[in-house]
Amino acid sequence: MRHWFLIVLSMVLGTFLSPVQADDAHSLAISEPAPIQIPTLSQINHDWSDADINDLVAALYDAQSHGLPSLDDIAFSLTDETLSPDMRSEMAAQAYLRFAGWLRYGLLDQETLQLRMSSQEEINVLWDHLRQGLVSHSVRQSLENLVPPVRDYASLRVEMMRLLAYQPIWSGIDEGPTLRHGDAGERVEQLRIRLAAEGLYVSEWDEDSPFELRLETAVRRFQGRVKLDPSGRMDADTLAQLNLSPLHRMNQLRTNMEQRRWRSHNLGRRHIWVNLANFSLEAWEDGVLAREHQVMVGRDYSSTPEFSEEMRYLVLNPWWGLPSGLATTQFQAIRRNPDLVRREGFRVFDSYGNSVSAYDIDWSQWGRVWPYRMSQAPGPTNPMGEVKFIFPNIHNVYLHDTTHRDEFGRTRRDMSAGCVRVQDPLSLAQWILEDQDGWGRDQIDEVVAGNSPTVIWLDERMPVHIAYWTVVGGEDGEVRYLNDLYGRDNRVIEAFMRAFESPQRLGGRGNGSNMVMLDSILD
């Protein structure tokens, strides 16, 4: 009897409780199971009052508002007062642990995009929350405490409730060439109808009227909202965004809420978020947004990865070590004009790290294993600008200043070689160093006024989290669906929706399946 209960409980947690390793994104290798300590039946039943169960029922009815599978059937089953107290307690505990696991850790493993496998530590966390909720008779609040602590999650949740209640419908736009001011025809009419559904084109119009200024303005507003260049023309990228279906939008929102669950715990008291799809950086301190900065990110062929690492130091007046591709181009220019090395402030080094004159380069090695590398000294043409923020990582990606500061006026800013360029980086440096003696803004500006590279080690390492979230909420509650800049969304959405449906196959939904499970336990 107890054996079957443990099996069912492990299914409720969405896992058979063994660690996993993935050879690639489509395979899952399960290692030898580690012993898992699951709460005993008597512990699970402990202190479930009718009020606690009713509190849980209210929380379960809200599961879909988190972009998670419906738990309505389980919630309804818990209201059956003809069930024995033991059966209701077991059902309540199972439902709590499942929902808590989803809220805290998500349905998917972030790396493998397979169903998550819970560790012993994670199970202990869930059990502690359950126990605390029962002791304090605040079961629903204990679940709310597991919600991702990011500022736009509440806005995304309201948007999910709106979509579930409203279920918008809009028609698509036929494929065809770019539409611009002065064009006319059926596709222009379709464009008006589509933008009216977005609330961006509210004027009345005559059928077959041409593409006019009001429509161009509406197109620009839509493009700005999704982070496309606001050209006012309906080009291929704009058409692709307009033709995403309501169902795709809902699944995109669900997946983005899941992504918040992956990356939004143990963030650090002071930390930095970068959202690549939104070209934005946020600096947080004690749960309060301290600063916001615009950023530039990698181009499509040098796309910036998603990861988290700890910033250890920053460099004022940094050198720039040229990547091999760029170095090749520069060496070709230097071969034609060696004086470029002096004029642009470059330094050439051999494979032993010795400085080499441009006039002494052995060009007979060109096309073979090239033994030279190139760096650029601090100065007005150095692409690193005035400061570089270092958080060592396998991708060799960092935050830094740029000499192309005028480009921050653009809406779409995928224009770097992979690193993240930050607007007003010295103000960010000031915030990072504000608790560090001897490094106020005056001291920073004094160092930057010269050309000497200066390394500043942080007294306290600062977590940096680089994410790719294509649905974002603003402080005003508005939710924006962004252009899938790097084409990463579909794979994650498809994986999440497979997991979204999988609870049906784990015996966790439907009155019948729940009753069969519990009958097996108690028989």
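Where a number appears in this text, it was derived from the coordinates with a stated rule and is not lab data. Bear in mind the structure is a predicted one, so any value in this text is a computation, not a measurement. Quick reminder, even Gly has a Cβ in these numbers, built from the backbone with ideal geometry, and neighbours come from all protein chains shown.
Counting only DSSP H runs of at least 4 residues, each contributing -39500 (n - 2.57), and dividing by the residue count of the chain, the helix-based mean residue ellipticity at 222 nm comes to -11500 deg cm²/dmol. Over all orientations, the stretch 128-225 has a Cα convex hull whose mean projected area works out to 9.5 square nanometres.
Here the peptides 430-442, 254-266 are ranked by packing, the mean other Cβ count within 10 Å, and the order with the highest first is 254-266, 430-442. Relative to the 2.2 N^0.38 Å rule of thumb, the stretch 323-376 has a C-alpha radius of gyration ratio of 1.00.
Based on the Stokes-Einstein relation at 25 °C and a viscosity of 0.890 mPa s, and on the Kirkwood radius from alpha carbon pairs, the stretch 184-312 is assigned a translational diffusion coefficient of 139 µm²/s.
Between the Cα long axis of helix 489-501 and the first principal axis of the chain there is an angle of about 10°, rounded to the nearest 10.
Across q = 0.08, 0.12 Å⁻¹, the chain modelled as identical point scatterers on its alpha-carbon atoms has Debye log10 I(q)/I(0) values of -0.68, -1.17, in the order of the q list.
Counted over all Cα-Cα pairs of the stretch 319-447, pairs farther apart than 26 Å make up 35 percent.
For the stretch 68-124, the mean projected area of the C-alpha convex hull, equal to one quarter of the hull surface, is 4.7 nm². In this structure, residue 244 and residue 166 have a Cβ-Cβ separation that, at R0 = 22 Å, corresponds to a calculated FRET efficiency of about 0.85.
Looking at the chain, the DSSP beta bridges with both ends there are about 85 percent antiparallel.
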